[in-house]
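Nothing in this text is a laboratory measurement; each read-out follows from the coordinates by a stated rule. The model shown is predicted, which means the values in this text are computed figures rather than measured ones. In this analysis, Cβ positions are derived from the backbone assuming ideal geometry, glycine residues included, and neighbour counts consider all displayed protein chains.
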Amino acid sequence: QVQLVESGGGLVQAGGSLRLSCAASGHAFHVYAMAWFRQAPGKEREFVATISWIPSDTYYLASVKDRFTISRDNEKNTLYLQMSNLKPEETAVYYCAAGRTYVATSEDKYESWGQGTQVTVSS
């Protein structure tokens, strides 16, 4: 398995931007599909975006597709999520995940998870 550590969360006003990072270690990062999920207070964790191990295929939750961009740097073993025009309802803990899968949106396809980073969007 790969170990994952997220960073970049924080407090931002509605309409603002943040870039999350996820540093990976422990195994060959480049063979894993990577994804971002989020969990808002009182809600189940939901899929946000995923990128294939060849960083050419991506898939997004419909509501973020035009505002978020997932990317990866396999040389730096790092995954990113650039978020723009953030909304208060997107306040959540954001998690990165790794799995030997392909453009999967289900949690059970990912075997490694980070501890999460808090994103708070104020209105």
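Numbers at a glance
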{"item": "For the chain, the longest site-free run once GluC sites (Glu not before Pro) in DSSP loop states with at most 10 other Cβ atoms within 10 Å are removed", "result": "76-123"}
{"item": "Per-residue HN-Hα couplings for region 76-90 [Karplus 6.51, -1.76, 1.60; θ = phi - 60°; Hz; x = Gly/Pro]", "result": "9, 6, 9, 10, 10, 9, 8, 10, 10, 6, 5, 10, x, 5, 9"}
{"item": "Inter-probe distance in nm under a simple model that places probes 7 Å from Cα toward Cβ, at residue 63 and residue 11", "result": "2.3 nm"}
{"item": "Calculated from backbone phi, Karplus (6.51, -1.76, 1.60) coupling profile of region 8-25 in Hz, x at Gly/Pro", "result": "x, x, x, 9, 9, 6, 3, x, x, 10, 8, 10, 8, 10, 9, 8, 10, 8"}
{"item": "Estimated D of the chain in µm² per second, where Rh is the Kirkwood radius over Cα pairs and Stokes-Einstein applies at 25 °C, 0.890 mPa s", "result": "174 µm²/s"}
{"item": "In region 1-83, the trypsin sites (Lys or Arg not before Pro) that fall in loop regions by DSSP, at most 12 other Cβ within 10 Å", "result": "43, 65, 76"}
{"item": "Calculated from backbone phi, Karplus (6.51, -1.76, 1.60) coupling profile of region 115-121 in Hz, x at Gly/Pro", "result": "7, x, 9, 7, 10, 10, 10"}
